[in-house]
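Q: Dropping the structure in here first, questions after.
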Amino acid sequence: MRRYFARKLLTYFLTFFVAVTLDWGIPRLMPGDPIAGLLSKFQLQPSSYAVLHSSYTRAFNLGEPLWRQYLDFWRALLHGSLGTSIYAYPDPVTTVIRHAVVFTLALLLPATVLSYLAGNKVGAIAARRKLLDDTVLPFSYVLTATPYQWLALLLAFVLASVAHVFPISGGFSYSLVPTLSWAFLWSLLTHWFLPFVTLFLVGFGGWAIGMRNLIIYELDADYAHFLESLGAPRRLVRKYAYKNARLPQLTGLALSLGTIVGGAVVTEIVFNYPGIGWLVLQAINSEDFFLLQGIFLFIIVGVLLANFVVDVVYVLVDPRTRIGLQEGTR
Amino acid sequence: MSKDTTTTKDDTAAPTEEGNTAPRHELVYFALRNRKLVIGLSIVGLLGLAAIVAPFSARSNPDAFVGPPMQPPSSSYLLGTTYFGQDVYSQLVNGLRQSFLVGIMGGGIAFVVATAVGFTAGYRGGAVDEVLNMLTNVLLVIPTLALLIIVGGYLKGTSIVFEAMFVGATAWPWAARAIRAQTLSLVSRDFVGLARLSGVRSWRIVVGEVAPNMSSYLFLTFILLFGNAILISASYDFLGFGPPGGVSLGSMMNLAFAWNALQLHIWWWFVPPGVAIMGIVGGLYVTNVGLDEVFNPKLRSL
Amino acid sequence: MHKHVKRMTAAVLAASLAAPALAIGGAGASSHATTSFPRSQTLYTSGTAYSPPTNWNPLSIGAYATGTIGLLYEPLFLYDPTTNKTVPWLATSGSWTSPTSFDIKLRSNVTWSDGRPFTAADVAYTVGLAKSSPTVPYANLGQYIADVEQVGRYEVVVNFAKPAYTQWQNFLYGNNATPMLPKHIWSKLPASAVATFANPHPVGTGPMLLDEANAQEVAYKTSTHWWATKDLGLKLEFNYLVDIVNGSNNVELGQVLQGNIDLSNNFLPGISKLVGGISSSYGLQTYYAKAPYMLSANTVWLEPNISKAPMNNVNFRKALAYAVDSKQIASVVYSNIVQPANPTGLLPNLTSYIDRSVVAKSGYSYNTAKAKALLKASGYKGRTITLEVPNGWTDWMAAAQVIVGDLKAVGISARATFPVYNTRVADLTNGTYDLALDNNAGPSTTPWAYYDRVYQLPIQQKQTAQLNWERVNDPASWALVQELGTTPPTSTATLQSVYSQLERRTLQTMPVIPLWYNGAWAQYNTTYWTNWPSAAPTSNHYTPVMWAGWLGQDTTILALAALKPAK
Amino acid sequence: MSLDVQNLVVAYRTLRGDVRAVDDVSFSVADGEIMGLAGESGCGKSTLGNSLVRLDRTMRCLGGRALLDGTELPLSDWDAMDDFRFKKVSLVPQYSMSALNPTRRIGKMISEVVRSRKIRYKDVLPELERRLRLVGLPTDVLAKYPIELSGGMKQRVVMVLTTLLDPSLLVADEVTSALDVSTQRAVGGMLVELRDMGIVTSTIVITHDLSVLVQVADSVVVMYAGKLVERAPTATVVDAPRHPYTKLLIASLPEVGVRYAEHVLAGIPGHPPSLLDPPKGCRFADRCPLASAECAVEPPLVELESGHFVACWKAS
């Protein structure tokens, strides 16, 4: 078991290393001079341009040779620093991200976990009842084939723009100062709802279909037939099928984390929801590659962590893996 | 997500004692009887047809300013006009064409990479497997958008072909993993062992023994990659990394969003492209499950 | 195990929902007493800030939060582009007492928000930074200024080593007018930090105080001690001004329609359809009730790279000018909220400087036949030229499509490309582009700044400061521009003759092709506040935009002071 | 008379009609008898055995009946069959290696199955543990997952579980084919032991492998193309088979180590006929070296001597 996790951790570390190295390249590989881009937004006289250019180049550590920059980057990273944001100059990138992260987590975690749980449950029920199979399933196909941004647009149009049931944008009402008051919490909740529903629904469809199809397979597995030959009631057979079908679903969860994050990005953009995804667009629009680099680093770490959690849960849930580990056969 | 609809379960297992492998015409029969397959294929087929005849059925160049702006659907403008007075119908059929192109090209490239990586990793094992696994992991973890931004930064603006190639180059990891798992389970079977012992060269074994045994699985994988490629490119387009103009379904949504279609209530600008994408991708997914049921006798119901 | 998983899930969900509340709310709660801004006492604005407010240093151009100049810090004079007049602000007057001395008289009852009086020492300090700190935006003045004298508590004399009329004028008036800084605070900073430190606790002379800032917005509270209330009878009727960081313009239109934003300075597509037209019920208003709806803000050029063929050919450039139909761009892309530019490119506030006879003789207009003829004369061989527009600038991208269509129509093989912004900047500074859209020529009190941008010499390998990006090498015109800088503002006849010459030379050589005027986008919702800036006969004809350079240096602050609650 | 099968017809439903995998088969198994069921792949033996316990959803019982201890088994009624399964009739499937739910501890799974049959786990646990010890398994296998057990151990667990409630009829479907020779013998011995101890009343052993039958079976039924062709005491079948098909089958047997009859039978020219549209008359006629005109009429199953039935015109 220890060897397994040591190996896993090594893989994670290597992946992290490669991904971070690529990420480091973002502001440096991009064509054009990020400082020139920044300064072009001010109307400057040539003399002050030269002075500012050199001071900003120093401030963003872009003057050193590349290998030096690379080492400095790792050193700073280990100290928890991701440099300075152009978009929110002079705030450090970490501060900018920290403000956005809470919103994204509040959106992504419940949407992912709830859609996963609900999708699995409903898919399992659909596999059991013909009526549900004929109604829930087509609906699920529609949902999972829906581009996130389109569902978001549709919800924003119908429920916000036309019906005015929900606010169309933002993380909370402009008229409130963030405080721990009921009014503020309510405002957070109403602004959170539509983006949450978007992420939830699209995810839900996929999980429901996945679970339904997996259960159909599982019900045809040898152990299911054996249970039947022992006269076990359908309930028990389905229970086993459901539990076993959760395993490939869990693998699916790990594989689709990237897609889910991508969905969150476009959804946040549609609703102007001030999370990481929205920040991606701001960083792109303001050509803030340092911020972009920080966000992507954050996503990389997040996805890796989530993968690790899935790995651990998988080991907890699947005795085959666990036993295999203990016997050192894997 | 939907990629789980083809499970890693071994659906190519030898048929039961009494069952016999279905002859081809029987597959056709089951295919025709399978409601999912028929519905899925009809939707994809219809939309595909619309894409193919797009240049003939479009009423104008999709970018041309043909009429008064913001016209709701009417007999003169089937799906209304955009904020700028472009014909939404013409943009839609043209966008469908682009989406299919991206789907086939992007999905195709991803499929080729996924099978190559999956077969090699699963068949060769060892260090090759480790390296390929690492590559797969890295691609699964890093946000592909980051790569797109860098690569796209060097190209002044993108094109459908570039986008399809990019999607193809980045969307394969999950499929590679699934194919690797399948290959692993097949490689342990007798016939591959026999072939190996008899000194047949590896790629011949893969092409001659392994691939045919999972042909239906591979086909289903391609269908899912096809749909994925369309969805992915739609979100790139929506973020503004697509080809310029209102020429793809994703950029139609992007433009509609950027030009206030929500507030101006120009719903006919962003609803059709979404429905079209949903139709293609949903149709493909349903086709996928239908085909799975046709290929796999165990899942057939009479 | 299953139960554990369930319990864990529930805990994660609860925590993830509570997290933002705690993280955002908790932070605010500890430092702040205001919990909300009463709607009827608050003015909501947006369309200026593209990033979270983090900086209130008026010298950090491009970085300081909306309101820093205007609401907190104030210049000596305001400039009213609609009347082309200056308005004494912290100064009561300013005048040349000799060709090299400028005398400024100050108001005597102005105080900083920390209670200290505003005096000549502050002005002398601020002007003096031009010499002592090379990072301040007006450091180019340093070489001209000899010394700054304080005459008593409320008078300053600036002595110049050599004439620098236009540069000094830019320091005093218009969108680059420099706000006055409190010496007692700023002199403690190291010289290198003067222009860059974030100044999180600003102390200014203006009508408002910084109240609260988060990633979404910055809020100001109305000060009770504003000098202009006593001196000029001006008073802000609102107690709070909240400026919201831009989302997408799409989101913003929704907020304006719903009355959540009172003043939006974003480009909001479709606004011309909503004002007065299909739904006047929204209570939306713009400066003009009909086209072009907006005041003009800057000139958009089609910028040819003159260092490359075929753009180095004057007939080719003229062909471009005749080929593009600016009216179509204005109507199709902008729904007529912009207007086609005057051939000289000078903004409407500078109309009085335009020599009509020159325009009548050498001006151009949309004419495909002429374009084709000029193209033929240029010997154009059909090389494909590209038109660069930064990716994501949606209106320009749409305009680029129209332009390319127009160019193709006269036989120019053209293609639009949409590189990322930094690539486009690099291409322009390095001179590796063919055609570009550009709007560097912002508002100014005289045409000098416009021609300074067009003709600046020498041409460097990297044209970094956005000057002469088209790389025109015209020493004669550049000499005329320099002559403007040394001609006293009082010599109006000399100046006008130089302007006429520059206008003629520009139209004859077409170094840039003015296409249309970008608007000073401003849309108001009248639900909570009325008496908005308007061309109609009202008491409020001031500039309606909160943008840097407009709010505190033009007359937007006067427009805000004229607002009345709707009741 | 424990099991009495009368004119049983079981068919697979396919597109082109019913495939009669078991066609009008009658036989009986006495109390304490172990009956072998042999034949080529696809002859219907597995279908026959399985249909007595678990009629797959793709199959249908088209006729005939099966009486167990005088009671008719409701073969076509899935739910009613549940009353018999496990308690009266039990099946050791050919996929014993994968018959146990891989994600459940064995004891837990057994307790859940037992409880689902309205039996208290506590009540059967001592007997379960006794029988595990009986077949040479430590009782702590109950705390293990299937993956922790070897193939032979899994096989034994499955056998203990299926016979836990002392069924009247045990159907053992290819229980030995996946095992090595020594384990094979042990499992065979176990079948005999189960019978000897009175745990199982009667047993049907389905196999390709006639050598196993020689070891355990009292009598043998040989099937060909869905039809019962010969039934006799084991010794008779081995030493004096009367049906030409049985003869060929036996002739191919003796070499040690050849376990799959089908490999050897490749020597018999031709293929079994399609069951979708079986030939009239004797179904073996096409491949039969003795075939003649009379074979165009289906031969009846005739009792040549006591307990020896043959369906062949040439046998009498």
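Q: Kindly establish whether A:ARG98 is at pLDDT below 80 and either part of a loop (DSSP other than H, G, I, E, B) or of a type in the set (Lys, Arg) (or both).
A: In short, no.
Q: Look through region C:169-194, keep the residues that are of a type in the set (Ser, Thr, Tyr) and crowded, with 21+ Cβ neighbours inside 10 Å, and return whichever of them is farthest from A:LEU176 (Cα to Cα).
A: C:TYR173
Q: With at pLDDT below 85, farther than 22 Å from A:VAL142 by Cα and within 14 Å of chain A (Cβ to nearest Cβ) as the only criterion, which of B:ALA54, B:ALA14, B:ALA58 stands out?
A: B:ALA14
Q: Would you say B:ARG204 is in a helix (DSSP H, G or I), at pLDDT 80 or above, among the basic types (Lys, Arg) and more than 26 Å from B:SER99 (Cα to Cα)?
A: no
Q: Something else now. Being out of contact with any helix residue (DSSP H, G or I) (no Cβ under 7 Å at 6 or more places or on another chain) and crowded, with 18+ Cβ neighbours inside 10 Å is the requirement here; does D:MET81 meet it?
A: Working: out of contact with any helix residue (DSSP H, G or I) (no Cβ under 7 Å at 6 or more places or on another chain): yes; crowded, with 18+ Cβ neighbours inside 10 Å: yes.
Yes.
Q: Additional query: Out of region C:497-529, which residues are part of a strand (DSSP E or B) and farther than 13 Å from C:PRO544 by Cα?
A: Matches in region C:497-529: C:ILE513, C:PRO514, C:LEU515, C:TRP516, C:TYR517, C:ASN518, C:TRP529.
Q: Any residue that is over 21 Å from C:ALA416 (Cα atoms), in contact with a Pro (Cβ under 9 Å, 6 or more places away or on another chain) and facing another protein chain (nearest Cβ under 7 Å) - is there at least one of those in region B:242-249?
A: Taking region B:242-249 first, the residues over 21 Å from C:ALA416 (Cα atoms) are none.
Within region B:242-249, not a single residue is over 21 Å from C:ALA416 (Cα atoms), in contact with a Pro (Cβ under 9 Å, 6 or more places away or on another chain) and facing another protein chain (nearest Cβ under 7 Å).
Q: Going through A:THR259, A:THR267, A:THR251 one at a time, which residue ends up being among the hydroxyl-bearing types (Ser, Thr, Tyr), under 23 Å from B:ILE150 (Cβ atoms) and more than 13 Å from chain C (Cβ to nearest Cβ)?
A: Values: A:THR267 fails: under 23 Å from B:ILE150 (Cβ atoms); A:THR251 fails: under 23 Å from B:ILE150 (Cβ atoms).
Every option except A:THR259 fails the conditions.
Q: Out of the residues in region A:101-137 that are at pLDDT 90 or above and hydroxyl-bearing (Ser, Thr, Tyr), which is surrounded by the most Cβ atoms within 10 Å (Cβ to Cβ)?
A: Residue satisfying both the conditions and the ranking: A:THR104.
Q: Name the single residue that is nearest to C:GLY549 (Cα to Cα) among those in region C:291-307 being in contact with a strand residue (DSSP E or B) (Cβ under 9 Å, 6 or more places away or on another chain) and surrounded by fewer than 24 Cβ atoms within 10 Å (Cβ to Cβ). I'd like the intermediate steps shown before the answer.
A: To start, the set of residues in region C:291-307 that are in contact with a strand residue (DSSP E or B) (Cβ under 9 Å, 6 or more places away or on another chain) comprises C:291-305.
Then keep just the ones that are surrounded by fewer than 24 Cβ atoms within 10 Å (Cβ to Cβ); that gives C:291-292, C:296, C:298, C:305.
On the way: C:ALA291: 25, C:PRO292: 22, C:SER296: 14, C:ASN298: 12, C:ASN305: 29 Å.
Once the filter is applied, the top-ranked residue is C:ASN298.
Q: Mind listing just one residue for me: the one in region A:38-50 that is at pLDDT 75 or above and buried (at least 17 other Cβ atoms within 10 Å of the Cβ) and, of those, nearest to B:LEU139 (Cα to Cα)?
A: Only one residue tops the list, namely A:LEU39.
Residue-by-condition table, conditions (1) within 14 Å of another protein chain (Cβ to nearest Cβ); (2) touching a Lys or Arg at 6+ places or on another chain (Cβ under 6 Å); (3) more than 26 Å from C:THR417 (Cβ to Cβ); (4) not polar (S, T, N, Q):
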| residue | (1), (2), (3), (4) |
| --- | --- |
| B:GLY67 | yes, no, yes, yes |
| B:SER76 | no, no, yes, no |
| B:THR82 | yes, no, no, no |
| B:LEU101 | no, no, no, yes |
| B:ALA116 | no, no, yes, yes |
| B:ASP129 | yes, no, yes, yes |
| B:VAL138 | yes, no, yes, yes |
| B:PRO143 | yes, no, no, yes |
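One line per residue, one yes/no per condition, for (1) surrounded by fewer than 16 Cβ atoms within 10 Å (Cβ to Cβ); (2) within 13 Å of chain A (Cβ to nearest Cβ); (3) β-branched (Val, Ile, Thr):
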{"residue": "C:THR196", "(1), (2), (3)": "no, yes, yes"}
{"residue": "C:PRO202", "(1), (2), (3)": "no, no, no"}
{"residue": "C:THR205", "(1), (2), (3)": "no, no, yes"}
{"residue": "C:ASN214", "(1), (2), (3)": "no, yes, no"}
{"residue": "C:GLU217", "(1), (2), (3)": "no, yes, no"}
{"residue": "C:TRP227", "(1), (2), (3)": "no, no, no"}
{"residue": "C:LEU234", "(1), (2), (3)": "no, no, no"}
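Q: While we're here: Limited to region C:89-103, what total is found for residues that are crowded, with 17+ Cβ neighbours inside 10 Å, under 26 Å from the mean Cα position of the chain (by Cα) and in a strand (DSSP E or B)?
A: 2
Q: Restricting the search to region B:263-286, which residues are closer than 13 Å to A:THR144 by Cβ and either within 7 Å of another protein chain (Cβ to nearest Cβ) or without any contact (Cβ under 8 Å) to a residue 12 or more places away in the chain (or both)?
A: The answer is B:ILE277, B:MET278, B:VAL281, B:GLY282, B:TYR285, B:VAL286.
Q: Got a number for residues in region A:159-180 being outside any helix (DSSP H, G or I) and either under 27 Å from B:GLY290 (Cβ atoms) or more than 9 Å from every other protein chain (Cβ to nearest Cβ) (or both)?
A: Selection size over region A:159-180: 3.
Q: Considering only residues that are surrounded by 21 or more Cβ atoms within 10 Å (Cβ to Cβ) and of a type in the set (A, V, I, L, M, F, W, C), which ones fall in region C:521-546?
A: Within region C:521-546, C:TRP521, C:ALA522, C:TRP529, C:TRP532, C:VAL545, C:MET546 qualify.
For (1) facing chain B (nearest Cβ under 10 Å); (2) in contact (Cβ under 8 Å) with a residue 40 or more places away in the chain, each residue gets a yes or a no:
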site	(1), (2)
A:LYS130	no, no
A:ASP134	yes, no
A:LEU143	yes, yes
A:PHE157	yes, no
A:TRP182	no, no
A:TRP192	no, yes
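Q: Right, another one. Does at least one position in region A:210-227 carry a residue that is of a type in the set (A, V, I, L, M), within 14 Å of chain D (Cβ to nearest Cβ), in contact with a strand residue (DSSP E or B) (Cβ under 9 Å, 6 or more places away or on another chain) and not in a helix (DSSP H, G or I)?
A: Scanning region A:210-227, I find no residue that is of a type in the set (A, V, I, L, M), within 14 Å of chain D (Cβ to nearest Cβ), in contact with a strand residue (DSSP E or B) (Cβ under 9 Å, 6 or more places away or on another chain) and not in a helix (DSSP H, G or I), so the answer is no.
Q: Can you name every one of the helices (runs of 4 or more DSSP H) wholly within region C:366-440 that holds 3 or more residues which are under 26 Å from the mean Cα position of the chain (by Cα)?
A: Numbers: elements: C:368-378, C:394-409, C:421-430.
Ranges flagged: C:394-409, C:421-430.
Q: Just checking, which of D:GLY36, D:GLY17 is more than 9 Å from chain B (Cβ to nearest Cβ) and out of contact with any strand residue (DSSP E or B) (no Cβ under 7 Å at 6 or more places or on another chain)?
A: That would be D:GLY17, the only listed residue that is more than 9 Å from chain B (Cβ to nearest Cβ) and out of contact with any strand residue (DSSP E or B) (no Cβ under 7 Å at 6 or more places or on another chain).
Q: Check region D:54-62 and report whether any residue there is out of contact with any helix residue (DSSP H, G or I) (no Cβ under 8 Å at 6 or more places or on another chain), part of a loop (DSSP other than H, G, I, E, B), among the β-branched types (Val, Ile, Thr) and within 13 Å of chain A (Cβ to nearest Cβ).
A: yes
The values are calculated or read from the model by the stated rules, or taken from the named source; none is laboratory data. Predicted model, so just to flag it, every value in this text is computed and none were measured. Neighbour counts are summed over all protein chains in view; Cβ atoms, including those assigned to glycine, are modelled from backbone coordinates with ideal geometry.
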